[in-house]
Amino acid sequence: MKLAIIGHGRMGQAISRLATARGHSVVATVSGQAQRDGGSLTAERLAGAEVVLEFTRPESAVGNLLGLARLGARVVSGTTGWTEALPRIQEAFLAGGGALIHSANFSLGVQLFLRAAGDLARQFAGRPEFAAYVTEIHHAAKRDAPSGTARILQERLRRADAGREFPISSTRAGFGAGTHAAVFDTEFETIHLTHETRSRDVFAAGALSAAEWLPGRRGVFTLDQMLFGEGP
């Protein structure tokens with residue numbers, strides 16, 4: 001498959017490396033910072049790519065996605081912090097005839113972890129003796145706090161137990177790729193449900209699986225829909 005990558009940071013580089021190992025070809029790489037309005041994203045610049053992978057920054061993502069929607073592109077986006085613009089982007093992809101799959105986290109393990117967290121929260125509903133909260137740790141260079149994954153985890157927990165807020169505690173330090181936990185705590189015991197990422201390659205592998213799934217589809221999808229064929 002011919003791929004284009006927008007954003008040449010650590011994720012873009014990991015995707016490029018794994019794409020080659022999986023037999024795909026990267027026909028175009030575009031700097032994410034140059035694309036804030038999406039105007040320079042042309043069919044010629046994307047060099048006939050069948051799928052475009054967009055991993056940039058929140059301030060660039062909306063312009064990128066609107067520009068790609070106008071081209072009728074099929075797009076995998078792992079950028080976080082833009083979902084308030086999702087209705088506008090959905091409309092643009094439907095009008096352009098392309099397809100988008102988006103996720104704050106392309107790890108299969110994280111998607112299963114989120115489902116398990118919802119199941120766990122339902123067991124603790126109505127037990128006020130347990131304090132409940134979310135913790136997340138990322139490397140010092142990560143800009144958004146809380147992370148997109150932590151926000152989704154909080155949303156899943158609240159959906160399962162509407163009587164709790166599940167506040168998030170965020171740490172930005174060191175070099176880790178990401179650790180998220182749902183915690184239920186009393187004076188004498190603590191329950192942790194934790195997902196720890198050991199390598200960013202897990203996100204790159206998930207993004208490539210999404211790219212392989214996307215051809216022939218139209219519309220806007222979540223990773224949950226791709227993996228489980230249903231909503232969260």
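Which residues, taken from the stretch 132-147, are open to solvent by 20 Å² or more (accessible area, probe 1.4 Å) and either under 17 Å from Gly81 (Cα atoms) or touching a residue at least 60 places away in the same chain (Cβ under 8 Å) (or both)?
Selection gives Ala141, Lys142, Arg143, Asp144, Ala145, Pro146.
When you go through Leu100, Leu108, Leu94, Leu112 one by one, which is the residue that is touching a Phe, Trp or Tyr at 6+ places or on another chain (Cβ under 7 Å) and either open to solvent by 40 Å² or more (accessible area, probe 1.4 Å) or within 28 Å of Arg10 (Cβ to Cβ) (or both)?
Leu100
Need pairs with beta-carbon distance below 6 Å; first residue closer than 17 Å to Ala47 by Cα and within the stretch 6-18, second outside any helix (DSSP H, G or I) and of a type in the set (D, E, K, R); sequence gap 6+ or separate chains.
From residues that are closer than 17 Å to Ala47 by Cα, the pairs are Ile6/Glu54.
Please go through the stretch 158-193 and give me each residue that is within 18 Å of the chain's Cα centre (by Cα) and closer than 18 Å to Gln111 by Cα, ordered by number.
Passing the criteria: Ala177, Gly178, Thr179, His180, Ala181.
Per-residue answers, yes or no, for (1) touching a strand residue (DSSP E or B) at 6+ places or on another chain (Cβ under 8 Å); (2) among the basic types (Lys, Arg):
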residue: Ala14; (1), (2): no, no
residue: Val26; (1), (2): yes, no
residue: Gly48; (1), (2): yes, no
residue: Ser60; (1), (2): no, no
residue: Leu66; (1), (2): no, no
residue: Arg70; (1), (2): no, yes
residue: Leu94; (1), (2): yes, no
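Of everything in the stretch 15-38, what is in a loop (DSSP other than H, G, I, E, B), modelled with pLDDT under 95 and closer than 24 Å to Arg218 by Cβ? Give them in sequence order.
Correct list: Gln35, Gly38.
Would you point out which residue out of Arg122, Arg127, Arg198, Arg164 is basic (Lys, Arg), more than 22 Å from Thr83 (Cα to Cα), open to solvent by less than 70 Å² (accessible area, probe 1.4 Å) and out of contact with any Gly (no Cβ under 8 Å at 6 or more places or on another chain)?
Working: Arg122 fails: open to solvent by less than 70 Å² (accessible area, probe 1.4 Å); Arg127 fails: open to solvent by less than 70 Å² (accessible area, probe 1.4 Å); Arg198 fails: open to solvent by less than 70 Å² (accessible area, probe 1.4 Å).
Result: Arg164 is the single residue among Arg122, Arg127, Arg198, Arg164 that is basic (Lys, Arg), more than 22 Å from Thr83 (Cα to Cα), open to solvent by less than 70 Å² (accessible area, probe 1.4 Å) and out of contact with any Gly (no Cβ under 8 Å at 6 or more places or on another chain).
Within the stretch 55-88, track down each residue that is of a type in the set (A, V, I, L, M) and either crowded, with 23+ Cβ neighbours inside 10 Å or under 21 Å from Arg200 (Cβ atoms) (or both). Full working, then the answer.
Applying the first criterion (of a type in the set (A, V, I, L, M)) to the stretch 55-88 yields 61-62, 65-66, 68-69, 71, 73, 75-76, 85-86.
Hits for the stretch 55-88 are Ala61, Leu65, Leu68, Ala69, Ala73, Val75, Val76.
The values are calculated or read from the model by the stated rules, or taken from the named source; none is laboratory data. A quick note: this is a predicted structure, and the numbers were derived from the prediction, not measured. Cβ atoms come from the backbone with ideal geometry, glycine included; neighbour counts cover every protein chain shown. Side chains included, ligands, DNA and RNA excluded: accessible areas come from the protein's heavy atoms. Shrake-Rupley method; radii C 1.70, N 1.55, O 1.52, S 1.80 Å.
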